[in-house]
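To keep things clear, I will list the structure first and then write my remarks on it.
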Amino acid sequence: MPGRFEAVPGGGAAVALDEVEISILRSLAVQLLELVGPGDEAAPGDDPLDALFADGPTEPPSDPALARLFPDAYGGPDRKLGADEEDEARAHSAEFRRYTETELRSRKRDDALAVVRSLDALTVAGDEAAVLQLAPDVARQWLGALNDLRLAIGARLEVTEDEGELYRLPDSDTRKPMVMAYLWLGGLQETLVETLLP
């Protein structure tokens with residue numbers, strides 16, 4: 001079980017994590033929370049429907065990591081569009097973002113918080129690894145958070161479709177620790193997906 005999720009009877013997943021792994025995962029989840037930003041909490045007495053129908057942002061984020069977490073819904077770098085089509089795609093993306101980004105940010109925060117709370121509940125005794133057991137719904141939140149972490153780190157590393165270059169980085173490269181975290185998170189994500197498949 002070390003370093004990989006395994007299915008548990010009744011659904012969900014389990015993984016053994018040592019103190020260093022717990023610390024790294026928690027730190028990354030907290031950084032993700034900071035990146036995504038604080039939630040827009042309704043003040044006591046506010047009408048909950050107002051928050052439900054509140055407009056979100058219409059412009060894409062300028063930070064590359066946030067742009068990966070909250071991409072445009074229409075167009076994109078791989079599509080060849082004429083000027084008129086590009087303007088139309090931009091307008092549709094802005095409208096889509098206006099109605100969906102606030103909720104998407106909230107879900108990403110909830111997923112990252114689930115990771116932090118799960119890790120905070122673990123007790124590590126000495127050099128022993130702690131076994132983290134996740135209920136199916138929390139396992140899905142972990143899957144979302146692991147994906148978001150990989151997207152954010154991948155944007156910082158400017159990862160393209162060819163990840164082969166990451167494996168060839170010399171140990172002296174300052175990006176090496178971030179690359180190691182990116183690859184490790186990928187392994188965790190892959191094994192968690194396998195446990196959640198029917």
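The values are calculated or read from the model by the stated rules, or taken from the named source; none is laboratory data. Keep in mind that this is a model prediction, so the values were computed, not measured. Positions of Cβ are generated from backbone atoms using ideal geometry, with glycine treated the same way; all protein chains shown enter the neighbour counts. The area values use the complete protein model at the heavy-atom level, side chains included, leaving out ligands, DNA and RNA. Shrake-Rupley method; radii C 1.70, N 1.55, O 1.52, S 1.80 Å.
A few notes on this one:
- Counted residues, region 137-160 - those being open to solvent by 50 Å² or more (accessible area, probe 1.4 Å) and farther than 18 Å from Arg109 by Cβ: 3
- From the list Val8, Val30, Val36, the lone residue that is open to solvent by less than 70 Å² (accessible area, probe 1.4 Å), closer than 15 Å to Thr195 by Cβ, touching a residue at least 24 places away in the same chain (Cβ under 8 Å) and not small (Gly, Ala, Ser) is Val8.
- Of all residue pairs spaced 6 or more apart or on separate chains, those with beta-carbon atoms under 9 Å, a first member in region 42-69 that is at pLDDT 60 or above and a second member that is of a type in the set (Phe, Trp, Tyr) and not in a helix (DSSP H, G or I) are Pro57/Phe70; Pro60/Phe70; Pro61/Phe70.
- Conditions (1) in contact with a Phe, Trp or Tyr (Cβ under 8 Å, 6 or more places away or on another chain); (2) of a type in the set (Gly, Ala, Ser); (3) at pLDDT 80 or above; (4) not in a loop (DSSP other than H, G, I, E, B); number of the one not met by Ser93: (3)
- Any hit, region 156-163, residues being part of a helix (DSSP H, G or I), out of contact with any helix residue (DSSP H, G or I) (no Cβ under 7 Å at 6 or more places or on another chain) and more than 13 Å from Phe70 (Cα to Cα): no
- Any hit, region 123-133, residues being part of a helix (DSSP H, G or I) and open to solvent by less than 40 Å² (accessible area, probe 1.4 Å): no
- Looking only at residues in region 167-198 that are surrounded by 10 or more Cβ atoms within 10 Å (Cβ to Cβ) and over 23 Å from Val15 (Cβ atoms), the one that is modelled with the highest pLDDT is Lys176.
- Entry remark, region 104-127: residues being out of contact with any strand residue (DSSP E or B) (no Cβ under 7 Å at 6 or more places or on another chain) and without any contact (Cβ under 8 Å) to a residue 24 or more places away in the chain number 4 in total.
- Arg109 being of a type outside the set (S, T, N, Q), modelled with pLDDT of 95 or more and closer than 15 Å to Ser23 by Cα: no
- If you go through region 120-150 and keep only what is over 17 Å from Gly187 (Cα atoms) and either among the acidic types (Asp, Glu) or under 16 Å from the mean Cα position of the chain (by Cα) (or both), you end up with Asp120, Asp127, Glu128, Asp137, Val138.
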